[in-house]
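As structure tokens, the structure follows; a few thoughts come after it.
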Amino acid sequence: MNIFNLFCNKSSMSLVAPVKGRVIDLSEIHDEVFAGRMAGDGVAIDATGDVAVSPCDGIIFMIFKTNQAFGVQTDNGVDILVHIGIDTVQLNGEGFIRLCKEKTKVKAGIPIIKIQRDLVFKNDKSFITPVLITNMNAVKNLDPKIGIDCIAGETVIMTFKKS
């Protein structure tokens with residue numbers, strides 16, 4: 001059974017970690033857009049892994065052309081954005097390999113992006129990975145799991161209730 005389904009009912013949902021690492025509060029990110037929750041609310045992961053997976057069941061509705069970010073829409077309309085690293089868009093795709101196509105139906109834990117850590121690291125980019133709900137009007141009672149170590153596709157990092 002998929003871990004996402006273990007924590008999902010009609011009114012509440014959970015997201016699993018899209019990358020291995022340590023969960024931190026968005027306010028700890030040195031980026032005004034993410035720290036100020038202008039792109040959405042959620043958590044960030046100080047990533048140590050080299051594969052980004054889907055944090056939930058849904059449809060991959062978007063993968064940035066530079067492959068450092070992707071969006072998943074849950075079956076009940078919640079939009080999740082996973083942005084691998086800070087300022088990684090400046091790498092123009094270098095260091096990120098797409099493993100999935102847009103419009104693909106996925107389960108939580110399915111690999112989406114392979115991270116070539118050595119290429120990202122040599123360009124002095126942060127591996128901090130925001131995981132955001134971008135349509136916050138669709139949810140209430142966000143419960144992030146700050147301060148935990150997480151395993152991609154396994155550890156629940158955030159639960160929330162549908163509006």
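How are the C-alpha pair distances of the range 4-86 spread across 5 Å bins, as whole percents from the shortest bin up?
Result, from short to long distances: 3, 14, 23, 25, 22, 10, 3, 0 percent.
What whole-number value in cubic angstrom gives the convex hull volume per residue for the C-alpha atoms of the chain?
Roughly 95 Å³ of hull volume per residue.
Among Ile60, Ile84, Ile148, determine the one that fluctuates most according to a GNM of the chain built with springs between C-alpha atoms less than 10 Å apart.
Ile148
Can you check how the C-alpha radius of gyration of the range 87-133 compares to 2.2 N^0.38 Å, as a plain ratio? The partial results should precede the final answer.
Numbers: Rg = 12.1 Å, N = 47, 2.2 N^0.38 = 9.5 Å.
Computed over Cα atoms of the range 87-133, the ratio equals 1.28.
What is the order of Met158, Met38, fewest Cβ neighbours within 10 Å to most?
Ranked by crowding around the Cβ, least crowded first: Met38, Met158.
Please state the relative contact order of the chain as a whole percent: Cα pairs under 8 Å, 6+ residues apart?
Working: 422 pairs, mean separation 55.1, N = 163.
Computed value for the chain: 34 percent relative contact order.
Can you grab the distance from the C-alpha centre of the range 19-94 to the C-alpha centre of the range 96-122, Å, no decimals?
When both Cα centres are located, 11 Å separates them.
Of Val89, Thr66, Gly147, which is farthest on the positive side of the dipole of the chain, counting Cα position, with +1 on Lys and Arg Cβ, -1 on Asp and Glu Cβ, and the Cα centre as origin?
After comparing all options, I get Thr66.
Here, each number is a calculation from the coordinates, and none is a lab measurement. These numbers were taken from a predicted model, which means no experiment stands behind them. Here Cβ is always computed from backbone atoms with ideal geometry, including for glycine, and neighbour counts include all displayed protein chains.
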